[in-house]
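This report refers to the structure that appears directly beneath it.
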Amino acid sequence: MRFSSKATTLLILIAVIAIAPVFFPSSYYFRVGSLIFVNGLAVTGLVVLIGYAGQISLGHAGFAGIGAYACALAPVHLGLHPALAAVFGAALSATIAFLVGRPILRLKGYYLAVASLGFGILVSMVLSNEARLTGGPDGMAVPELGLRGVLRTVGVDLSNTEFWYAFSGLVLVLGAWLALNLYHSPTGRALRALHGSEIAARTVGVDVAHYKLVAFVLSAVYASVSGSLLALQNKFITPDVAGFMHSIEMVTMTVLGGAGSVLGAILGAVILTTLPQVLTIFQEYEQLMLGLVMMLVMIFMRQGLLPSIARSVRGRGE
Amino acid sequence: MPELLQFLLSGITVGAVYALVALGFTIIYNASDVVNFAQGEFVMLGGMITFFAHAAGLPLPLAALIAIIATAAIGVALNKLAIEPARGAPVVSLIIITIGASIFIRGATQLIFDKQLHRFPAFSGDQPILIGGATILPQSLWVIAGALAIFFCLWLFFTRTLIGRAVLATANNRIAAQLVGINTNYVMTLSFAMSAAIGALAGVLVTPITLTGYDVGLALALKGFAAAMLGGMGNPKGALVGGLLLGVLEAMTAGYISSQYKDAAAFVVILAVLFAMPQGLFGRKSTDRV
């Protein structure tokens, strides 16, 4: 079985999303599921940036913050419908990513890491300091999306958690489909070429700066939409969504499962989203366990969980 | 100008701590090409262990010594258990490993000790000293003197001792260093021990002023990292100057612009420095091998 193949990935994803609810004993599981999909979406964006293009960002929670606060602020101040507000947030994120990305992406490795980190921290600082607009560290309310009511009028009656499970699952499948398509497109090939060697890619005529920027802007849009979805389903948002730890979580999920494959990265989102839920009984140990998992996976499975497992399965089969 | 002087003095105090963290970064970065995001946790450990040893009845100097030695041991363990097994891993993996280590240390600290903020008495009392209309705490002088002393010792170590030169050789080219008979594993162990001990010392010195708690490490790591980058990654002189500059800059922003955005100023300047001169103030230009 080839995990990189597009149809397999999408089939597995759709099947799991559709079948899992059969085993859900309570609405709490729908809630965790939709959180997984929201994180999965951000992580899919990072697959494009980290896995395809080989660039790192420790500031992508900044874009999630922009997406989230767009849903909270645009309906109030610009009179936009919450769904349009999410689109507005995505456009804003893309614009900012475009402006910030050009100078930032000239940097490499640790320099790129610290520059993107600085950007993310600036966004979260603005969100928590401009209290008159954003409610500061206490956060602010987000209006209802209203799609559930529309569905009810056409006879589909879903509970709140069920709706968000289905809706964010759908957006995740869509996002995964786009990312997988990108992989096999000329842009995807250019990204992978510059990942392999920037100089080699430039030599064969790839506009390295342009394609890095494409990956950066795309992943920013993914993060932004993920932030919007989170805000809309929680109906409440705090600056934590843009915080440094959230950026780290996003990158960890991506690399944990395997940055090179969409499915792997989503698996990383599954693990790191459910881990704290499972560990609530051992809340004292949550940080200890999270740190340990991060270190162990990176030391012993450098390609990430899924590719490592896939390789060992394949190795045994041969 | 007592106001300006006051901001300058408090900026230099904070900057001295950033400089110590940045020096710790620099040592590990030079020896192993790893940026250790757990560097701030060493500072936290220095303060926390000293407090609890002191609270258990040990005299302060002994408590501080125990804290520094224990933190150095943790630094060595970090290298042996997490960094060495991952040698040759990509930058992203190394970033995640050291961030994982920092989260792990934080989690362990909150379990073993507690989640409270702690402080132990200043070394020479809390009576502020008047300088030209501004005041400075005696403890601030300890912090500044500590940073300068460490910088001077490091300079002596790297330029005047054989083992210091061995560390530089390892940093320059690991395989070549091995070929001329340098025990590079020992060099790595030593670098992590030194770096952790310097971090712990910073924690011991600054805790009477800023207090300490299990979660103070991350912010310090980020600032120290920024300072190291401002000065030029891997350059001890850059770490010192970068740290002091960053501290003063923050104090000026807090004083004249907005105290809420003092952290922002630091990152804005770092972004500007990275864009204008990506190698930092004292860094050398490097080229890539194809």
Sole exception among (1) within 12 Å of another protein chain (Cβ to nearest Cβ); (2) touching a residue at least 12 places away in the same chain (Cβ under 8 Å); (3) more than 13 Å from A:Gly65 (Cβ to Cβ) for A:Arg148, by number: (1)
3 or more residues under 14 Å from the mean Cα position of the chain (by Cα), closer than 12 Å to B:Gly199 by Cβ and in contact (Cβ under 8 Å) with a residue 60 or more places away in the chain: qualifying helices (runs of 4 or more DSSP H) within the range B:1-112: B:2-32, B:39-55, B:60-78
Count of residues meeting criterion [in contact with a helix residue (DSSP H, G or I) (Cβ under 8 Å, 6 or more places away or on another chain) and over 19 Å from A:Thr238 (Cα atoms)] in the range A:118-167: 15
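Name the residue, out of A:Ile36, A:Ile17, A:Ile56, that is closer than 30 Å to A:Ala201 by Cα and surrounded by 16 or more Cβ atoms within 10 Å (Cβ to Cβ).
A:Ile56 is the lone residue from the list that is closer than 30 Å to A:Ala201 by Cα and surrounded by 16 or more Cβ atoms within 10 Å (Cβ to Cβ).
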Residue check for A:Gly227: within 14 Å of another protein chain (Cβ to nearest Cβ) and open to solvent by less than 20 Å² (accessible area, probe 1.4 Å): no
Any hit, the range A:195-205, residues being free of Cβ contacts under 8 Å to residues at least 24 places away in the same chain and acidic (Asp, Glu): yes
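For every residue, the table says whether it meets (1) surrounded by 18 or more Cβ atoms within 10 Å (Cβ to Cβ); (2) at pLDDT 90 or above.
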| site | (1), (2) |
| --- | --- |
| B:Pro59 | no, yes |
| B:Ala82 | yes, yes |
| B:Ile112 | no, yes |
| B:Asp126 | no, no |
Residue satisfying condition, being open to solvent by less than 60 Å² (accessible area, probe 1.4 Å), touching a strand residue (DSSP E or B) at 6+ places or on another chain (Cβ under 7 Å) and of a type outside the set (D, E, K, R), within set A:Gly188, A:Gly139, A:Gly149: A:Gly139
Count of residues meeting criterion [loosely packed, with under 14 Cβ neighbours inside 10 Å, of a type outside the set (S, T, N, Q) and within 26 Å of A:Tyr29 (Cα to Cα)] in the range A:276-318: 4
All helices (runs of 4 or more DSSP H) inside the range A:61-136 with 1 or more residues being open to solvent by less than 20 Å² (accessible area, probe 1.4 Å) and modelled with pLDDT of 90 or more: A:61-77, A:82-104, A:109-129
Qualifying residues in the range B:231-247 (those that are out of contact with any Ser or Thr (no Cβ under 9 Å at 6 or more places or on another chain) and buried (at least 19 other Cβ atoms within 10 Å of the Cβ)) - the one nearest to B:Ile150 (Cα to Cα): B:Leu240
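Any idea which residue in the range A:272-314 is farthest from the other protein chains (Cβ to nearest Cβ), counting only those that are polar (S, T, N, Q) and touching a Lys or Arg at 6+ places or on another chain (Cβ under 9 Å)?
Filtering first and then ranking leaves A:Ser308.
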Scan of the range A:152-167 for residues that are outside any helix (DSSP H, G or I) and either hydrophobic (A, V, I, L, M, F, W, C) or open to solvent by less than 50 Å² (accessible area, probe 1.4 Å) (or both), ordered by number: A:Val154, A:Val156, A:Leu158, A:Ser159
Those residues of the range A:193-223 which are of a type in the set (Lys, Arg) and surrounded by fewer than 19 Cβ atoms within 10 Å (Cβ to Cβ), in sequence order: A:Arg202
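Can you tell me how many residues within the range B:74-85 are within 10 Å of chain A (Cβ to nearest Cβ) and of a type outside the set (D, E, K, R)?
5
Only one of B:Ile103, B:Ile68, B:Ile49 is modelled with pLDDT of 90 or more, open to solvent by less than 10 Å² (accessible area, probe 1.4 Å) and in contact with a helix residue (DSSP H, G or I) (Cβ under 6 Å, 6 or more places away or on another chain); which?
Result of the check over B:Ile103, B:Ile68, B:Ile49: B:Ile103.
From the list B:Thr159, B:Thr184, B:Thr212, which residue is out of contact with any Cys (no Cβ under 7 Å at 6 or more places or on another chain) and open to solvent by 10 Å² or more (accessible area, probe 1.4 Å)?
B:Thr159
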Residue in the range B:243-258 that is at pLDDT 80 or above and within 22 Å of B:Ile95 (Cβ to Cβ) present: yes
Residue list for the range B:86-101, restricted to those being within 7 Å of another protein chain (Cβ to nearest Cβ) and not hydrophobic (A, V, I, L, M, F, W, C): B:Ser93, B:Gly100
Residue pairs meeting the criteria (Cβ under 6 Å; at least 6 apart or on separate chains; first more than 8 Å from chain B (Cβ to nearest Cβ) and in contact (Cβ under 8 Å) with a residue 60 or more places away in the chain, in the range A:117-129; second assigned to a helix (DSSP H, G or I) and surrounded by fewer than 24 Cβ atoms within 10 Å (Cβ to Cβ)): A:Leu127/A:Thr134; A:Ser128/A:Gly136; A:Ser128/A:Pro137
Residues located in the range B:1-24, provided they are at pLDDT below 90 and open to solvent by less than 10 Å² (accessible area, probe 1.4 Å): none
Single match in A:Ser159, A:Ser185, A:Ser197 (criterion: over 24 Å from A:Ala68 (Cβ atoms), among the hydroxyl-bearing types (Ser, Thr, Tyr), at pLDDT below 90 and more than 13 Å from the chain's Cα centre (by Cα)): A:Ser197
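The values are calculated or read from the model by the stated rules, or taken from the named source; none is laboratory data. These numbers come from a predicted model, not from an experiment. Quick reminder, even Gly has a Cβ in these numbers, built from the backbone with ideal geometry, and neighbours come from all protein chains shown. Surface areas here come from the heavy atoms of the whole protein model, side chains and all, with no ligands, DNA or RNA. Shrake-Rupley method; radii C 1.70, N 1.55, O 1.52, S 1.80 Å.
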